[in-house]
Structure formats: C-alpha cells, structure tokens
Amino acid sequence: MNKYHYKIKPCLYLIIASLFFFSISCNSSSTKIHVNFKIILKKPLSHEKVYLTGSNSTLGNWNPSAVLLDKQSDSVWTKKLVFEKGDKLEFKFTLGSWKSEAVNADGWILDNFSLIAKNDTTFVTNISNWKDHQYSRIIKPVYIFGKDNGIILVNNWRYHEGDNPEWAGLRVNDTLWKTVESNFTTDNFYDLKWQNIGWFRTHLHIDPSLWNKTLGLKLTQLGASDIYYNGRLIYSSGKVGNSEFDYSPSPKNSWKEITLDPVPDHVIAVRYANYKSKTERSIGFDPGFSILLMDLNSAFNTTDNIRSHTIHQMVFTLIPLILSFLHLFLFFFYIKQRQNLYYAICLLGFSGLTFFNYERFLLDNVDLMIFFQRLNVMSAATAIFFALLTLFEINYHSLPKRWRSYLALYVIIFMSGFLDISPRITSMFIYFSFTITLAEGIIAGIKTKAASKKGTWIIFIGFIVMSISIVLQIFVDFVLENGLFGVNQIYVYGMIGFIISMSLYLSYNFAYINKDLEWQLDKVKVLSRKTIEQERIAASLEIERRVIEAENLRKTKELESARELQLSLLPKEVPQLEDFEISCYMKTASEVGGDYYDFYVTEDNALTVIIGDATGHGLKASNMVILAKGLFNTLVHESNLISIMNTFNRSIKQMNLHMLTMCMALIRVRENRIEYSSAGMPPMLIYRNNTGEIEQFLLKGMPLGAFYDFPYKSLSTDINKGDVMLLMSDGLVELFNKENDTYGLENVIKSFKDSAKRSVEETITHICKESTLWSGEAQLKDDITILALKKK
C-alpha cells in the first residue's frame, strides 16, 4: 500500500454503495485492545513532531499528520491507542507529511509496519532517519540484485528552479535546495510551483562491490531531460529548450547502460523541462520523471513486457472490433433486431477504449497521448451507453422513458472527455454510468419477461464476470501497486467476458454461428500475429546490428583521419635558439586529443609559445585545436599578449560552440625578460638556478569562450642563465591512480626540482617517468602536454 491511499476517490464509495446493500447490528460490546506505540530515534529531534498514520480511522486512514505522538525525550516518542480485538493494523511514522516519512539506515522508505491486535501490547521500533532529512542514499547489491529487482529514484531529489549548466557538477552545494519527488504526482506538483524547467540532483553512496558494475538505467518521463552522472552528460532524451518553441519532449522509456564509477559518493543530476505539465496533470498524467536502476540482465528481460503489452493491445482491440463487424452484418441481415446495431456500436467503443488505453502509454508524442486520453474517455462513454441500449432492446418491447436521462449523462461524459474536464469528475461520471448499467442488467435479469427468454442466463453470467473485474480494477488502481498477480489491466478481461456472453446470446438464434470455431479462429490469428511479430523483430535486430557495424567502421576511419590532421597541426620540430633550450611532450587520452602547443620566432629572435587544452577530447576537441591554430597564426604578430587573449576569447565565444571552451597560456621571451598570460591553465613553474627554488606564477582566468570581455591579465619576470620554465596542461596535475587520487601540483614541483639541472629533454622524461610510476595501470582520462624552456 502506498502513501496516497487515504485519498480514495469518491466514486469508489459510490460503486461500493451501489453494489452492496446490507445492514449491520451491534448487539454486544467488543473487546478493546490497548497498543502502546514507542519509537526510538537514532537522530534526536528537538523542534519537529512525530506522527503515526495507518490503515483505519484510529490511525488516521493514511493521513500523514493524523496522530501526534507524545514526546518523552528528543529520542523517544510514544502513543497509546485503543483498537478492537482482532484488528489488522498497518502503519507508518512521519514528521507530518509524506515528504518526511521514516526511512531505513540506507535512506530508503520503510515498508508498512503490521500488527494484529490480539492482546494489550507495546510496539517498539527504531527509526534511523526521515526521507527529507536524508541527504545521500546508500545503494547495496541487495537493492539491485534482490527480490525487488532494482530501485526507483523518485523520492528525495534536490530541486532548484531555473537553468544553470554549473548545477551538473559534483561540487555544487545543493543542501539548501528544496527536497521533492520527481514524478510530479498530485500531492507534490502544486507544492513544487513548477516553472517549466529546473534541475534535480540526488546523492548516492555506492557500496564498493558495485564499483565498475554496469547497470541498466530506465528514464520514464513526459518531458525532455539531460542526465548527468558525476558531472558527465550520459544521456539526453528529447530537447531541453529555454522556451516552448525550442523544446521537444520525448516520453520514450528506453534502457541505457551506466557503469558506476569506482568512488563512494555519486551524484545524478537531471536537467528537466516540461512546458505542458499543467495540461498533463489536469488529465491524470504525472508530468515529471523517474529513474529506475536495475541489474542489466533483468533490464533486458523487461523488454519482453513491451511485446506482451503490444500483444494484449492487439488481442483486446481486435476481438471486440471483429465481433462489432459481425453483429453489424447480423443487423443488416435482419434489421428488426436492433440490439445487434447497438451492440456493434458498444463493441466499437470498447475496442477504442482498449486501443487508446494501451496506445497512450506506448506513444512518444505527448500531444498524441493527451489526444488519446480524450478519445479513451469518449470510447468508454460510448461503450457504456450502447451497452445499456442493448440491454433495453433485449429485455423490453420498446425503450423505457428513462433512456433519455441516460442519453443526457452520456453526452455529459462524452463532452467532459472532449473538453478535458477534471479526470476526477470524469471518472465519477463513468463509474456512476457503469453502476447504472450494472443495476439495469440485474433488474432485467430477474424480471419474468427477461427470465422467460431462453439463454438470458448467459448475459447474467457476463454481467457477474464484468462486475467482479471492475471491482478488482478499482482495488488495483487504488490499493494494489503491483497489480493482481502482476496484471494491472483487470477490467479488460471482465469486459471480454461480458462481450463474449452477450455475443453468444445475440448469436444464439443464428444456427450458422459456431462458438468453438470462432474461438479457434481467433486463437490462430493471435498466434500468427505473434509469429509474424517475432520474425519482424529478429529481422529488425539483424539490420540494426549491421548498421551499427558500418557506423563504427566509419567513425574509426574518421577518428584516424582527425588524428592525422591534429598531428599535422603541431610543430614538426622545436625552434633551435642560441639562448634557449626547448623540449616538449604530448600524450592523448583518446585517438584525438584536445591539447595543443606551438612556437613562433620573430626576426629579432623573440620567442612566442602557446599551450592550450580544449574541453574534453575527441572530434569536438580536435575542432577547437584547428581553430586555435588558425587564430594563433593570425594573431601572433601582435605585441600585446592580453590583446591576443581577448581576441582569442571573443572569436571563440562568437562562434557559439555551446559548452566548448579552451584553456590557454601564452609566453613571450625577449632576451632576459619573459611575459606570461593565462586563461584557466595550471601555473607556470620557473626553476631559479641561483637559488635552486621553484617559483609559481598563477594567473586566474576563465577558459577562452566562456564569457565575453573577461579581464585577462599578464605578468613579467626576468630570466637568468640556467633558469628553467615549465608549462603544462591540467592532465598532468589531475592524473589519477587506481585509488582515484590525483597526482597534484606538489608532485609535479618535486619531480621538476629533482631534474631541473639536467637538459630540458631529460627533465620532461623524468617528470613523465615519475607520474607514470605513480599512476600505475590506471586509465588515462585527460590529455597531457608538457613544455620546458631553459635559459642557456
């Protein structure tokens, strides 16, 4: 049972009251049982209050703030309540809202507590924490591979309205963000005050046994989203635009692979947009999103559910559709039997009901889903009204006068679906209409005139089956989260039973209709469709595999060509100068790197050196390197380094490369004087030969292309004989080992200082050797570039 069960729709009471008439007399007093509830908090509360809620009126009927516990201390809360002997109790503890219900030590919502009131007793339990107090949740193998077969991330998200790309990062302080549920149910949608676009973050602590494991990730949504894992964009579904005009939703529920990083603390950030949330909420859809993490093998097995869903849709749509045409032909053969016409229209309504009810959950177009929801309501109204007319035509010589009232009710329901009136009101009308139809069927079944007709018992059985299925459907919708024996669409089986019974009765007078032959024919059709669908899927998978192979081959060739192009952009050899000894080194993390360096020597023997690091690596980074090469060759003749940096920055920014930026450092050496400017690069290191010490020159600046007109700076210093300048990309400083520790600037300085007396080539070789020994066999995650210049 979930936390929303205390809000059972009023139509449920109406149906129960219509189906069951009974009186209860209480002539003897029942035995009272006293239950003392006691909870012990692992985290004491000084200002908040603790509440008890549960499955009956004494426990508040699942109202999260119904029963206030008595505070004995900050850690102990109690409450004594009286129940009838034999009462079966289910209950939970909250801080007054479902947003703050009790969770276990790992941060996951506790199952309902249960107790049978047999004798006076004390119920004692420990509460580890509360949902909105839990900042990070712990994921263990039992949650992924256990009986629950995965975890759904819908609770305990940190939410911030607006759009800021920096919110995807690992080090964002989101402790003051609002704690929400991401699926936008009725209970939290209006509290959220959704403004079409926002960011959601959730923190997970991963058990070490799950590190480097590949899991299945399933995103369920009605909007569009970008999913970031530990700061990396791993999956985009739809287009998250800044307005409704450049926004494209994607409600597809497809599986993706996610490999867990080998670190304890993880962050999943979701940039989510939904510009039609109010419309979707008004017709009963949850316009938010949820994420399911599951064992990869189990995730693959769930794809069979989609096939089963489609087969059920085909079966439950085609059966009434075929029977509809059959009864329509029967009417044409003998137009005096108008019940065949009414029943044919009823079957068309039911065929539409099942088709649209299944199809709206298979679509990837939100507008079509909303439209199909409207058609679903109109189909339900049509099926119920013409079923009622069919009963009247069978059991009465002429339509009773009350049929006009039912026509008015039918028009109301039909128009409420067409005009998107509140789904709660529409549901009440539909259930009320069904109740009327059921009552009319029962009344007709016990009337002498109807009972005298041979075969009416078949209709009565159909009504019983349909009634039971509708009642079960109500309990599935409001009580049983996982359906009855795993089935959520119970009503279709009851409707099929009613359709079959009605069709048998209406076909009773036509000797040429054979019941067994009809069912065997339907069975063959269903099996044939299954076979055809399986063959189609197999052929589609084979084509997809070949396309993927061809695409991989094409991309491999493109990467190799891009790598050759990038290498051609780098200097073939370092400048040979009288006053300076120069050496360089580069190692890329992928086929195509994002690092770049170059030299330029003027006629008066002034040396300009550039070193850059483009965002990421791969083809996009390679494009940035090409751009940097062109700009450097164009601007290197300018005398002012800051002017060069500003022109670089504006040129990259104006090209609108989105998230692509470039860190860069420039130095210009004239005789014994060096000028230095930097944009987001690690500090320049200078070894002073006369003191044997290392000096750091750090200029803080944003990467090129991040902001217009950023105030870049420069500095100058003297260079003496034996001094060595060292420039590097952040790939060296941020080099990782197997323990996921970074190499750090301190280790670079130590290696540099130990080898600065040698030649610059030997200095770089020593630094590379020391960093490689430190990192071990850990995979290189970023490009490494090192430049060294020594004053002779």
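Details
- Counted as qualifying within segment 682-770 are the strands (runs of 3 or more DSSP E) with 3 or more residues that are loosely packed, with under 15 Cβ neighbours inside 10 Å, namely 693-697, 714-718.
- Tallying residues that are at pLDDT 90 or above, farther than 16 Å from Asp709 by Cβ and not aliphatic (A, V, I, L, M) within segment 641-671 yields 2.
- When segment 771-788 is filtered for residues that are of a type in the set (D, E, K, R) and either under 17 Å from Leu685 (Cβ atoms) or open to solvent by less than 70 Å² (accessible area, probe 1.4 Å) (or both), the ones remaining, listed by number, are Asp782, Asp783.
- Residue list for segment 79-134, filter: assigned to a loop (DSSP other than H, G, I, E, B) and in contact with a Gly (Cβ under 9 Å, 6 or more places away or on another chain): Asn112, Ala117, Lys118, Ser128, Gln134
- Pair list, Cβ under 8 Å, 6 or more apart: segment 57-80 residue within 15 Å of Leu95 (Cβ to Cβ) and without any contact (Cβ under 8 Å) to a residue 24 or more places away in the chain, other residue part of a loop (DSSP other than H, G, I, E, B) and not hydroxyl-bearing (Ser, Thr, Tyr): Ala66/Leu59; Ala66/Gly60; Val67/Leu59; Val67/Gly60; Leu68/Lys49; Leu68/Val50; Lys71/Lys49; Lys71/Val50
- Unique match (being among the basic types (Lys, Arg) and in contact with a Leu (Cβ under 9 Å, 6 or more places away or on another chain)) among Lys92, Lys43, Lys85, Lys80: Lys92
- The single residue among Ser254, Ser243, Ser248 that is within 14 Å of the chain's Cα centre (by Cα) and open to solvent by less than 60 Å² (accessible area, probe 1.4 Å) turns out to be Ser254.
- Residue selected from segment 144-179 under the condition aromatic (Phe, Trp, Tyr) and surrounded by fewer than 19 Cβ atoms within 10 Å (Cβ to Cβ), by the criterion farthest from Glu257 (Cα to Cα): Trp177
- For segment 311-327, the set of residues classified as over 11 Å from Gly352 (Cα atoms) and open to solvent by 20 Å² or more (accessible area, probe 1.4 Å) consists of Ile311, His312, Met314, Val315, Ile319, Ile322, Phe325, Leu326, listed by residue number.
- All positions within segment 637-660 that are assigned to a loop (DSSP other than H, G, I, E, B) and under 25 Å from Asn605 (Cβ atoms): His637, Glu638, Ser639, Asn640
- Counting only residues that are over 17 Å from Leu45 (Cβ atoms) and either crowded, with 16+ Cβ neighbours inside 10 Å or among the polar types (S, T, N, Q) (or both), segment 124-139 holds 4 of them.
- Hits in segment 45-57 - residues which are at pLDDT below 90 and open to solvent by 40 Å² or more (accessible area, probe 1.4 Å): Ser46, His47, Glu48, Ser55, Ser57
The values are calculated or read from the model by the stated rules, or taken from the named source; none is laboratory data. Computed from a predicted structure; not experimentally measured. Methodologically, a virtual Cβ is constructed for each residue, glycine included, from the backbone with ideal geometry; neighbour enumeration extends over all protein chains shown. Ligands, DNA and RNA are stripped out before the accessible areas are found, and what is left, the full protein with its side chains, is counted by its heavy atoms. Shrake-Rupley method; radii C 1.70, N 1.55, O 1.52, S 1.80 Å.
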